[in-house]
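Okay, so here's the structure we're looking at.
Every read-out reported here was derived from the displayed coordinates using simple, explicitly stated rules and does not represent laboratory data. Just so it is clear, the model here is predicted, and its values are computed rather than measured. Cβ placement follows ideal geometry from the backbone for every residue including glycine, while neighbour counts extend to all protein chains displayed.
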Amino acid sequence: MAKRRKTRMKHLAEKVQKGERIVGMECHDTPSAIMAEELGMDLLCCGSPGPMGLMGHKSMATVDFEEQLYMLEGVLRGASSPFIICNMPNTTACISIEESVRNAAKVVKLGADGVHIEPSLGTVPHIRAIVDAGIPVVGHFGVQGERAVMNSGHSPAGRTAEEAAAIIDLVRASIDAGIFAALFEHTAVELTKWCYENLPVAVASLGSGPYAHGIFHVSSDIIGCSVFPIPPKREVFGDVWGEMQKAYSAYFAAAKGGQFPKPDLSHTMLEGEHEKFMSLVG
């Protein structure tokens, strides 16, 4: 297979101008990154669902930045052509402006192309400083998992006029700060459609309807493999969890019942070596 061209911001912008759909996903492991590379996905985000779905964090708020960077390294080993961003947990993106820039720099030094942040009006200056440092930022709006406690959980966002208008205010402030794309998670389709038709940046949808320049999904939800229930209205394309259960159950039963390992799968000594061995050990 011919090596793909590295996807840059200008290539994403070209797709938007041509009306070509951008396809991306949250990705947190090397096998998924390899498959994304082979398929030709445009954008990968190493996000908090990885530490949650694979490592058992019950909340995005408990995800450590070092865990995020560790998973990013795995993604970078598997994919090089997509535009790759890494989530900055609020504990690393919102401490101070200087610390936010320093942490964003850690992401790009590892080889990523930019960072993913769940903004608030209070963190707009942090975003501006990161962008001023030459690091691209994708803003995440609507359902913000790292702000679930403050935002009353993971309920769909923007379903009232007032809430939708407040989201627009935050998006506009983030655009003024320099984000180059806005990802909307589980927002009302009318809100996402308005943003798609009116905002000057690329709009991506994660469970927020089809009106977007880019469609985004979570890898563990795509394949049906997470320690937590998959959110409602999020389409699943596989049942890896079920296949794992079948395989582990079959192994356990075979090992316990004496059917595993099979004799023909065992290694034996070379001809004549067993007799020598027995003479050596008595």
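General observations
- What the Cβ-Cβ distance of residue 77 and residue 38 gives, at R0 = 22 Å and to the nearest 0.05, is a FRET efficiency of 0.95.
- Projecting the Cα positions of 34, 222, 122 onto the charge dipole of the chain (unit charges on Cβ atoms of Lys, Arg, Asp and Glu, taken about the Cα centre) puts 34 furthest along the positive direction.
- Loop-located trypsin sites (Lys or Arg not before Pro) across the range 133-238 with a Cβ neighbour count of 15 or fewer within 10 Å are 159, 233, 234, with loop assigned by DSSP.
- The range 180-207 and the range 244-282: distance between their alpha carbon centers, rounded to Å: 57 Å
- Loop-resident trypsin sites (Lys or Arg not before Pro) (DSSP state other than H, G, I, E or B) in the range 1-55 with no more than 14 further Cβ atoms inside 10 Å of their Cβ: 3, 4, 5, 6, 8, 21.
- Förster radius 35 Å - calculated FRET efficiency between residue 250 and residue 54 (Cβ-Cβ, nearest 0.05): 0.95
- Residue-count net charge about residue 55 - beta-carbon cut-off 14 Å; Lys, Arg +1, Asp, Glu -1: -3
- Spatial separation of Cα centroids for the range 10-28 and the range 32-105, in angstrom: 19 Å
- GluC sites (Glu not before Pro), loop per DSSP, at most 15 other Cβ atoms within 10 Å - longest free stretch of the chain: 21-234
- Net charge dipole, the range 116-233: roughly 120 debye, given to the nearest 20, about the Cα centre with Cβ charges of +1 for Lys and Arg and -1 for Asp and Glu.
- Taking Cα centre as origin and charging only the Cβ of basic (Lys, Arg, +1) and acidic (Asp, Glu, -1) residues, the dipole magnitude of the chain rounds to 440 debye.
- Over the range 168-259: Kirkwood hydrodynamic radius from C-alpha pairwise inverse distances, Å: 15.7 Å
- Under 29 Å from the Cα of residue 106 - lysines, other chains or at least 8 residues apart: 3, 6, 10, 15, 58
- With contributions of -39500 (n - 2.57) from each DSSP H run of at least four residues, the per-residue ellipticity at 222 nm computed over the chain stands at -13500 deg cm²/dmol.
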